[in-house]
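Take a look at the structure below.
The values are calculated or read from the model by the stated rules, or taken from the named source; none is laboratory data. All of these numbers come straight from a predicted model, not from anything done at the bench. No Cβ is skipped: glycine too gets one built from the backbone with ideal geometry, and neighbour counts run over all protein chains shown.
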Amino acid sequence: MDFTLPQASSYAGSIDGLILLITVLAGAWLLLAEGFFFWLIWRFRARDGVRTQYLDGTEPHIKKWISRPHTLILILDVVVIVAAIRVWVNVKQTLPVADATIRVIGQQWGWVFQQPGADRQLDTADDIYTTDDLYVENQKTYHFQLQSRDVLHSFSVPVFRIKQDVVPGRTITGWFTPIAAGTYDIQCVEICGIGHGVMGGRIHVQDANEHAAWIAGNTPTVTQ
Ligand SMILES: [Cu+2]
């Protein structure tokens, strides 16, 4: 049984790498600091005939145990910040050229998806609307326009490592490129009322043929 969450978007791996980097750096310092702390407690425990030393913490040979790790941690902070900015710029600041643009609308309590029909243009008469089920093509880059009809929601696709707030009155644009076919969860991750807990959906990442058939089969017939 696999306990890890699949990485189903092009940038999922870089976000996981960032989390791993921070976990390893913070975890190593935690273990080191706690180990040293308990060693001090054991080493300088009360013993008969040994007088307590009174130290005020300003002695250079003691201060270096604070200042040197402090400097190291500041350097590692810079490493984390540089890594985080690189991922942020790639995921949030850069908008790669889209193969298709879709609209994602949050409302109490479900997701409405609007995507181009056979004409491949959004906001035309043959757009396809679905509720809670989003169908996309593997290896294609999508822009999504997030909107809300009522309150704050948050659009989350865990396998894509997407979590983006949805704000009434605004259109927030983001992107993803699915890299693994399959059906995955969509969640709302912003408390949005009594039905928040059931505001889930599914994203179906389909292969090219399967998706072309889905588009063809679901494009509404438009009478001119
Ligand atoms: Cu919601």
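Worth pointing out:
- Reported count of residues in the range 113-146, each being farther than 18 Å from PHE176 by Cα and of a type outside the set (Asp, Glu), is 9.
- VAL104 falls short on exactly one of the conditions (1) within 16 Å of the ligand (Cβ to nearest atom); (2) among the hydrophobic types (A, V, I, L, M, F, W, C); (3) at pLDDT below 95, and that condition is (3).
- Residue among GLY35, GLY17 that is within 19 Å of the chain's Cα centre (by Cα) and not polar (S, T, N, Q): GLY17
- The set of residues in the range 78-104 that are over 30 Å from THR124 (Cα atoms) and within 21 Å of the chain's Cα centre (by Cα) comprises VAL79, VAL80, ILE81, VAL82, ALA83, ALA84, ILE85, ARG86, VAL87, TRP88, VAL89, ASN90.
- Per the listing GLY197, GLY174, the residue uniquely over 22 Å from GLN7 (Cβ atoms) and in the same structural domain as PHE113 (by TED's automatic domain parsing) is GLY197.
Every residue, every condition in (1) among the acidic types (Asp, Glu); (2) part of a helix (DSSP H, G or I), yes or no:
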{"site": "GLU34", "(1), (2)": "yes, yes"}
{"site": "PHE37", "(1), (2)": "no, yes"}
{"site": "TRP88", "(1), (2)": "no, yes"}
{"site": "ILE102", "(1), (2)": "no, no"}
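- Residue selection: LYS92 fails the criterion of being basic (Lys, Arg) and without any contact (Cβ under 8 Å) to a residue 12 or more places away in the chain.
- Residue within the range 126-137 that is hydroxyl-bearing (Ser, Thr, Tyr), farther than 28 Å from LEU18 by Cα and in contact with a Pro (Cβ under 8 Å, 6 or more places away or on another chain) present: no
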